[in-house]
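Student: Before I ask anything, here is the structure I am working with.
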Amino acid sequence: MDAKSVSLADSCNPAACNGLCTLPTNGFAPTIQSFAAQLDLADGTLGRHLAHRLIEIGITDVFSVPGDFNLTLLDYLIAEPGLNLIGCCNELNAGYAADGYARARGVGACVVTFTVGGLSVLNAIAGAYSENLPVICIVGGPNSNDYGANRIIHHTIGLPDFSQELRCFQTVTCYQAVVNNLEDAHELIDTAISTALRESKPVYISISCNLPAIPHPTFTRQPVPFSLSPKLSNKAGLEAAVEAAVKFLDKAVKPVMIGGPKMRFSKACDSFTELADSCGYPVAVMPSAKGLVPEHHPHFIGTYWGAVSTAFCAEIVESADAYLLAGPIFNDYSSVGYSLLLKKEKAIIVHPDRVVVGNGPAFGCVLMIDFFIALVKRLKRNTTAYENYRRIYVSEGHPLKNDPNEALRVNVLFQHIQRMLSGNTAVIAETGDSWFNCQKLKLPPGCRYEFQMQYGSIGWSVGATLGYSQAVPEKRVIACIGDGSFQMTAQDVGTMLRCGQNAIIFLINNGGYTIEVEIHDGPYNVIKNWNYTALVDAIWNGEGNCWTTKVQCEEDLIKAIDTAVEAKKNCLCFIEVIVHKDDTSKELLEWGSRVCAANGRLPNPQ
């Protein structure tokens, strides 16, 4: 992985936000500056080595929640030039922030305390695992002398066995390192970080609280840079896979290409686009791959999502006699309750390191990026399916125009959000109806798009907005969040303000968990309404740059957007949008009924 250190000026500058982007102090602890002054940085220590490694792989911001087991480690992270510690309101949001950061930078990191912090961040780490994001989860662990001493310590379930947290992380990380001995600490830390980058998955590093400040010969003042050995395709396997694919695709009359989410960590997005340029096939993406393929590509036909696809996209894909699927994930959500009309015998499925042609054969040790590059030179150009698309395509209509002061409709809201998009923006869509409305946005060149389809944890977007904004401050994040999701993780809007971020948050207030209403309705889907703008004003409390407003009609919305993008362009802008509880996209109505049917299938007969 090519990574470079980014200067602190490019991210959250503690000076610019009056020191509020670091850990808070209190009357019982010295200031952060005196913490740093007390550290002896002349010798190589575990804490300094870890800080160096994080900077080396491109991390300049670490999201944290302090606890007594990680405080000394946090001292060393704060003291490291070029590394910025961002204190979050809770561990779950710190994990979500590291997730969002990893989407923009390629890797993220969070630091929490033992068990109470570790089990709290676990849900976010599971989400990062499902989305193939390398997140370094660092936990401050018990004193090294307490391991094996048959002692009961706080922050545990009251047993002398300290492995509970480790066992929980084993299923949602690709490597776990318990550092309670300085002799092998260097090796464990380096192995964990390199494994995260190589596998594009989270890793867990537990560091005993008494070790970060102790010098040890294995830690040099300037750690020797480590590099990852590049993955290589098996040459014979690659040639055989390409030969089989060319034979399969060149005999097809109406082949298509479909991009999937695994293209991201395979680093194959550019080669996929290059292949689309050369072969002339129409290009669709799965919903979880939106943003990975440029939507201004001349042969882009939209999102393939079965019955809720972009108009005319499903007809072209499902009538094709061959499809090239790049890194797909087929689950009950992406398949709309297992209702996709795709046939395996017509598909070439390209996994990150394996290619399967039709019902066979399969070719292992073939990297996706190498496979696409090789195909560029071999495939015959075939525009038949795209020409068919052009024949049937009818331009989309526009939402009915609102009457003056008429209650705002969701489709009108997203019509205005569409006009806000540019190469300097990024869209983050929360789990819910925003999935479907944001899928219909047409992304201009350079506009980024993120959502969490595989894991679908409501509330993810607040922390992810924090992390993503921190990672790429040159882009203005536009987050679309439902009221139910916002209630899960609202606190870290305050952290966005501490870091001087200028995201625009559209809080869509429709009184409940709308996506769940359309799957299976019940009184449990109705939530207590909050005064969301007043809540954010209270969080703001006069510190930082913040602007809030509440809109109920199109005229209010137009004024709010104009203010957010002009007069308040340097502020965090929070726009609460009041809409009817039954105002949903037609795609959610269709998708919800199909997912409900899939969930309600009777047991197979025994």
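The values are calculated or read from the model by the stated rules, or taken from the named source; none is laboratory data. None of these values were measured; they are calculated from a predicted model. In this analysis, Cβ positions are derived from the backbone assuming ideal geometry, glycine residues included, and neighbour counts consider all displayed protein chains. Each accessible area value is taken on the protein alone, full model and side chains, heavy atoms only, with ligands, DNA and RNA left out. Shrake-Rupley method; radii C 1.70, N 1.55, O 1.52, S 1.80 Å.
Student: In terms of the Cα gyration tensor, with a ≥ b ≥ c the square roots of its eigenvalues, is the stretch 299-357 rounded because a/c is under 1.5, prolate because a/b exceeds b/c, or oblate? Don't skip to the answer; put the middle values down first.
Tutor: Numbers: a/c = 1.66, a/b = 1.34, b/c = 1.24.
Cα axes put the stretch 299-357 in the prolate bin.
Student: Of the accessible area of the stretch 235-392, with the probe set at 1.4 angstrom, what percent is carbon plus sulfur?
Tutor: Values: 3330 of 6240 Å².
Carbon-and-sulfur percentage of accessible area, whole number: 53.
Student: Another question about this same structure. Per Stokes-Einstein, at 37 °C and 0.692 mPa s, what whole-number D in µm² s⁻¹ belongs to the stretch 142-240, with the Kirkwood radius over Cα pairs as the hydrodynamic radius? Please list the in-between numbers first.
Tutor: Values: Rh = 16.0 Å.
The estimated diffusion coefficient comes to 205 µm²/s.
Student: What's log10 of I(q)/I(0) for the stretch 79-168 at q = 0.11 Å⁻¹, Debye sum over Cα points only, no solvent?
Tutor: With one equal scatterer per Cα and no solvent, log10 I(q)/I(0) is -0.35.
Student: Continuing with the same structure: Helix 118-130 versus the longest principal axis of the chain: what angle, 0 to 90°, nearest 10, using Cα atoms?
Tutor: Around 30 degrees separate the two axes.
Student: Let me ask something additional. Once the Cα atoms of helix 91-105 and of the chain are each reduced to a long axis, what angle between those two axes, in degrees from 0 to 90 to the nearest 10, is obtained?
Tutor: Tilt relative to the chain: about 60 degrees.
Student: Let me ask something else. Which value, in Å³ per residue, describes the convex hull spanned by the Cα atoms of the stretch 235-392?
Tutor: So the per-residue hull volume is 94 Å³.
Student: The stretch 129-152 to the stretch 558-601: how many Å between their Cα centroids?
Tutor: 38 Å
Student: For the stretch 461-577, what are Rg and Dmax over the alpha carbons, in angstrom?
Tutor: 14.4, 43
Student: Across 10 Å bins from the origin, how do the percents of Cα pairs in the stretch 178-302 run, short distances first?
Tutor: Calculated over all Cα pairs of the stretch 178-302, the distribution is 10, 26, 24, 16, 14, 8, 1 percent.
Student: Further question on the same structure: For the pair residue 43 and residue 163, what calculated FRET efficiency results from E = 1/(1 + (r/R0)^6), where r is the Cβ-Cβ distance and R0 = 25 Å, to the nearest 0.05? Present the calculation step by step, with values, prior to reporting the outcome.
Tutor: Working: r = 32 Å, r/R0 = 1.26.
Once the sixth-power term is evaluated, E becomes 0.20.
Student: Still on this structure, I have one more. If I model a spin label at residue 400 and residue 602 as a point 7 Å from the Cα along the Cα→Cβ vector, what separation in nanometres do I get?
Tutor: Once both label points are built, they end up 4.1 nm from each other.
Student: Next up: What angle do you read, to the nearest 10 degrees and between 0 and 90, between the alpha-carbon axis of helix 46-56 and the longest principal axis of the chain?
Tutor: Taking the Cα atoms of the chain, the angle to 46-56 is about 30 degrees.
Student: What share of the DSSP beta bridges in the chain is antiparallel, in percent to the nearest 5?
Tutor: Values: 10 of 73 bridges.
In the chain, approximately 15 percent of DSSP beta bridges are antiparallel ones.
Student: For the chain, what is the accessible area per residue in Å², given a 1.4 Å probe and the full set of protein chains? Display every interim value, and only then the final one.
Tutor: On the way: 24780 Å² over 606 residues.
That works out to 41 Å² for each residue.
Student: Where does the chain land at 222 nm, in deg cm²/dmol rounded to the nearest 500, when only DSSP H runs of n ≥ 4 count, each adding -39500 (n - 2.57), divided by all residues?
Tutor: Helix-only estimate at 222 nm: -10500 deg cm²/dmol.
Student: For the stretch 46-219, divide the Cα radius of gyration by the Kirkwood radius and give the resulting Rg/Rh value with two decimals.
Tutor: We get a ratio of 0.93 for the stretch 46-219.
Student: With just the Cα atoms of the stretch 475-531, tell me how far they stretch along each of the three principal axes, in Å, largest first.
Tutor: 40, 20, 15
Student: Among 542, 62, 271, whose Cα projects farthest towards the positive end of the dipole of the chain, with charges put on the beta-carbon of Lys, Arg (+1) and Asp, Glu (-1)?
Tutor: 271
Student: Ok, one more. Residues in the stretch 79-118, backbone N under 13 Å from the label point at residue 267 (7 Å along the Cα-to-beta-carbon vector): list them, ranges by number please.
Tutor: 106-107
Student: On the first, second and third principal axes, largest extent first, how far apart are the outermost C-alpha atoms of the stretch 198-241 in Å?
Tutor: Between the extreme Cα coordinates on each principal axis of the stretch 198-241 lie 54, 22, 11 Å.
Student: Now for a different question. Please give the charge dipole size of the stretch 235-392, origin at the Cα centre, charges +1 on K and R Cβ atoms and -1 on D and E Cβ atoms. Round to the nearest 20 debye.
Tutor: For this selection, approximately 180 debye.
Student: Then there's this: Residue separation times 0.36 nm, minus the C-alpha to C-alpha distance between residue 199 and residue 150: what's the value?
Tutor: Working: separation 49, 0.36 × 49 = 17.64 nm, distance 3.57 nm.
Extra length available between residue 199 and residue 150 comes to 14.1 nm.
Student: With +1 assigned to the C-beta of every Lys and Arg and -1 to the C-beta of every Asp and Glu, and no other charges, what is the dipole magnitude of the stretch 410-592 about the Cα centre in debye, to the nearest 20?
Tutor: Values: 14 positive and 21 negative charges, 119 e Å.
Once rounded to the nearest 20, the dipole reads 580 debye.
Student: Cα convex hull of the stretch 377-525: how many Å³ per residue?
Tutor: In the stretch 377-525, the Cα convex hull volume per residue is 189 Å³.
Student: For an R0 of 51 angstrom, estimate the FRET efficiency from the Cβ-Cβ distance between residue 171 and residue 253 and round to the nearest 0.05.
Tutor: Values: r = 45 Å, r/R0 = 0.89.
My answer for the efficiency is 0.65.
Student: Starting from the Cα-Cα distance between residue 231 and residue 491, subtract it from 0.36 nm times their residue separation and give me the gain in nm to one decimal. Numbers along the way, then the final one.
Tutor: On the way: separation 260, 0.36 × 260 = 93.60 nm, distance 4.13 nm.
Full extension of this stretch gives 89.5 nm more.
Student: Still on this structure: Rounded to the nearest Å, what's the spacing between the alpha carbon centres of the stretch 430-485 and the stretch 60-126? Just the number, please.
Tutor: 20 Å
Student: Roughly how many percent of the accessible protein surface of the stretch 410-592 is carbon and sulfur, given a 1.4 Å probe and a whole-percent answer? Working shown, then result.
Tutor: Working: 3380 of 6610 Å².
With neighbouring chains kept in place, the figure for the stretch 410-592 is 51 percent.
Student: How long is the gain from residue 56 to residue 239 if the chain were fully straight, where each residue apart is worth 0.36 nm and the alpha carbon distance is subtracted? Can you show the working numbers first?
Tutor: Details: separation 183, 0.36 × 183 = 65.88 nm, distance 3.58 nm.
Stretched out fully, the residue 56 to residue 239 stretch lengthens by 62.3 nm.
Student: Lysine pairs in the stretch 410-592 with Cα distance under 24 Å, only those 8 or more apart or on different chains: how many are there?
Tutor: Counting lysine pairs in the stretch 410-592 gives 20.
Student: Per residue and in Å³, how big is the convex hull formed by the alpha-carbon atoms of the chain?
Tutor: Numbers: hull volume 106.8 nm³, N = 606.
Hull volume over Cα atoms, normalised by residue count, gives 176 Å³.
Student: If you average the alpha carbon positions of the stretch 388-406 and of the stretch 155-228, how far apart do those two centres end up, in angstrom?
Tutor: Here the two parts' Cα centres lie 54 Å apart.
Student: Projected area of the stretch 436-496, taken from the Cα convex hull and averaged over every viewing direction, in nm²? List each step's numbers first, then the result.
Tutor: On the way: hull surface 18.7 nm².
Convex hull of Cα atoms, orientation-averaged projection: 4.7 nm².
Student: What distance in nm separates the simple spin-label points at residue 216 and residue 378, each placed 7 Å from Cα in the Cβ direction?
Tutor: Simple spin-label model gives 4.9 nm for this pair.
Student: Which whole-number percent is the relative contact order of the stretch 73-193 (Cα, under 8 Å, 6+ apart)?
Tutor: Details: 137 pairs, mean separation 24.7, N = 121.
Averaging sequence separation for qualifying contacts and normalising by length gives 20 percent for the stretch 73-193.
Student: In whole percent, how big is the carbon plus sulfur part of the accessible area of the stretch 46-219, probe 1.4 Å, protein atoms only? Mind dumping the intermediate values first?
Tutor: On the way: 2600 of 5000 Å².
Carbon and sulfur atoms account for 52 percent of the accessible area of the stretch 46-219.
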